[in-house]
Amino acid sequence: MSTSSLRQLIASARLLPVVIIDDPGRGVALARALQRGGLTAIEVTLRSDAAFTAAEAIIAACPELLVGIGTVTRAGQIARAVDIGARFAVSPGFAPALVEVAREHALPYLPGVCTPSEILQAFNLGLDTLKFFPAARAGGVAALTELAAVFPDVAFCPTGGIDESNLAEYLALANVCAAGGSWLAPAAQIRAGAWDEIEACSRRGAAIALASPSARTGE
Ligand code: 3PG
């Protein structure tokens, strides 16, 4: 796995909706609503039993959408993500064993970090693009600004506490290549089939992303 290819993938998307799908039959409608709103990626989290089934259906129906599996905490989930054709995987934290398994499967992998020590460990394993989670609680924009000074070669995808009110501040940072979160498609709206609301929120998010400075791609 090339870490810069992971950065390019998520930097080209810029926004990563983090979704929980309880009903596998709703995944494709959700994905299409996000796409209509101008988004190009989705992270289907393993926080529901339906996650893999829903992700597989989305991959089949929306081949141009970048579909990843999130909330990965065990090695077997990476193998299954590869089996269904997911393009990347995301974890809330950092475990060297999972980095290793993702490499074995050549699956672009975005582990989570929120301390300088975790960043240092990940960087020394060859990772230069990391999820910063939980972003707001871990210091938000101020923390990311300080981390840029000591980790100039690391780019982050912050998630956790991001929404329309602060998205632009995160995307303005040179060390933020993308930003993610559940505000783009809240679980309650997915359950309710509120596709118009999700599309409208995605469109507003995409407009903010478009107006932000372009992401560093590591090239
Ligand atoms: C994640 O997994 O990235 C977070 O749960 C997203 O956090 P949010 O719900 O505050 O956007």
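The values are calculated or read from the model by the stated rules, or taken from the named source; none is laboratory data. The shown structure was predicted, so the numbers you read here are calculated from the model rather than taken from an experiment. Ideal geometry is used to build each Cβ from the backbone, glycine not excepted, and the neighbour counts take in all protein chains shown. What goes into the accessible areas is simple: the full protein's heavy atoms, side chains included, and nothing from ligands, DNA or RNA. Shrake-Rupley method; radii C 1.70, N 1.55, O 1.52, S 1.80 Å.
Some points to look at:
- Residues that are away from the ligand (no atom under 16 Å from the Cβ) and open to solvent by less than 20 Å² (accessible area, probe 1.4 Å), drawn from segment 110-146: Ile119, Ala122, Leu127
- So Leu15, is it under 17 Å from Cys177 (Cβ atoms), within 16 Å of the ligand (Cβ to nearest atom) and open to solvent by less than 50 Å² (accessible area, probe 1.4 Å): yes
- Qualifying positions in segment 158-178 - open to solvent by less than 40 Å² (accessible area, probe 1.4 Å) and under 19 Å from Ala33 (Cβ atoms): Leu167
- Counting only helices (runs of 4 or more DSSP H) that fall entirely inside segment 102-218 and contain at least 1 residues that are among the hydroxyl-bearing types (Ser, Thr, Tyr), the qualifying elements are 116-124, 140-150, 167-171, 195-211.
- So Ala155, is it under 14 Å from the mean Cα position of the chain (by Cα) and either open to solvent by 30 Å² or more (accessible area, probe 1.4 Å) or in contact (Cβ under 8 Å) with a residue 60 or more places away in the chain (or both): yes
- Here Leu107 passes the criteria (1) within 16 Å of the ligand (Cβ to nearest atom); (2) touching a strand residue (DSSP E or B) at 6+ places or on another chain (Cβ under 8 Å); (3) within 30 Å of Phe52 (Cα to Cα) except the one numbered (1).
- Scanning segment 18-35 for residues that are open to solvent by 20 Å² or more (accessible area, probe 1.4 Å) and more than 16 Å from the ligand (Cβ to nearest atom) gives Asp23, Pro24, Gly25, Arg26, Val28, Ala29, Arg32, Gln35.
- Filtered residues of segment 33-91 (kept if part of a strand (DSSP E or B), of a type outside the set (Asp, Glu) and in contact (Cβ under 8 Å) with a residue 24 or more places away in the chain): Ala41, Ile42, Val44, Thr45, Leu66, Val67, Gly68, Ile69, Gly70, Phe88, Val90
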